[in-house]
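Colleague: What follows is a structure written as structure tokens; I'll ask about it next.
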Amino acid sequence: MNSYENIGIFIRDVDLTIINAVTDQLKPFNLAPEQNLIMLLLWEQEGYTPNEIAEQLKKDRASITRMIYRLETKGYIRRESDKKDRRSFKVYLTEEGKDLGKEVIPFTQSIGELLTTGIKEEELNTLTRTLMKIKQNALDIGAENYGG
């Protein structure tokens, strides 16, 4: 059996290929792909807590906290105490982070366009629907095995 006969391996291979391409393209901006995901959230709306970011990106809070720290040391974001819960904080963009968005947002849009070059809208819609079905099937399998 080759790896493309196993849909999970094939999807993972496509994902890694995309991540490697994006990683190379983001180097000039001093961003890793997962850090870029946090920045994309913040460019849309600031003031997320680490828990909210983790939930949005489906990552564990410890990983998100490390990425927030790295983005903070790069000068792209800042933390502010949550006025409602002093034990927590919210994440905001610095001026440098806002300026970075002016370069990176159009850049990430162009990556999306390049990744879908030669693919018709109908094909993309079919791909999206198919991947959503595969995701739901995986969730159903997990629920069956773990009593969810």
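Colleague: According to the Cα gyration tensor, what semi-axes, each the square root of 5 times an eigenvalue, does the equivalent ellipsoid of the range 37-108 have, listed from largest to smallest in whole Å?
Modeller: Value: 20, 14, 11 Å, ordered largest first.
Colleague: Still on this model: Between LYS102 and THR130, take the C-beta separation as r, use R0 = 41 Å, and let me know the FRET efficiency to the nearest 0.05.
Modeller: Given R0 = 41 Å and the Cβ-Cβ separation, E is 0.70.
Colleague: Relative contact order for the chain: what is it in percent, counting Cα pairs under 8 Å that are at least 6 residues apart?
Modeller: Averaging sequence separation for qualifying contacts and normalising by length gives 17 percent for the chain.
Colleague: Measuring from centroid to centroid over Cα atoms, what is the spacing of the range 113-138 and the range 74-103 in Å?
Modeller: Distance between centres, Cα-based: 33 Å.
Colleague: At 0.36 nm per residue, and after removing the present C-alpha to C-alpha distance, how many nm does the segment from ILE9 to LYS120 gain when stretched out fully?
Modeller: Computed gain between ILE9 and LYS120 is 37.5 nm.
Colleague: Can you work out ³J(HN,Hα) from phi for every residue in the range 100-108, in order, using Karplus 6.51 cos²θ - 1.76 cosθ + 1.60 and θ = phi - 60°, giving whole Hz and x for Gly and Pro?
Modeller: Residue by residue, the range 100-108 yields 4, x, 5, 8, 7, 4, x, 4, 5 Hz.
Colleague: Something else about it: Where the Cα atoms of the chain are projected onto their three principal axes, how long is each span, largest first, in whole Å?
Modeller: Taking max minus min along each principal axis of the Cα atoms, the chain gives 52, 42, 27 Å.
Colleague: Which order do the peptides 114-124, 40-50 come out in when sorted by mean C-beta neighbours inside 10 angstrom, highest first?
Modeller: Output ranking for 114-124, 40-50: 40-50, 114-124.
Laboratory data are not the source of any read-out in this text; all were calculated from the coordinates shown. Remember, it's a predicted structure, so these values are computed and weren't measured experimentally. Using ideal geometry, Cβ is built from the backbone for each residue, glycine included, and neighbour counts are taken over all protein chains shown.
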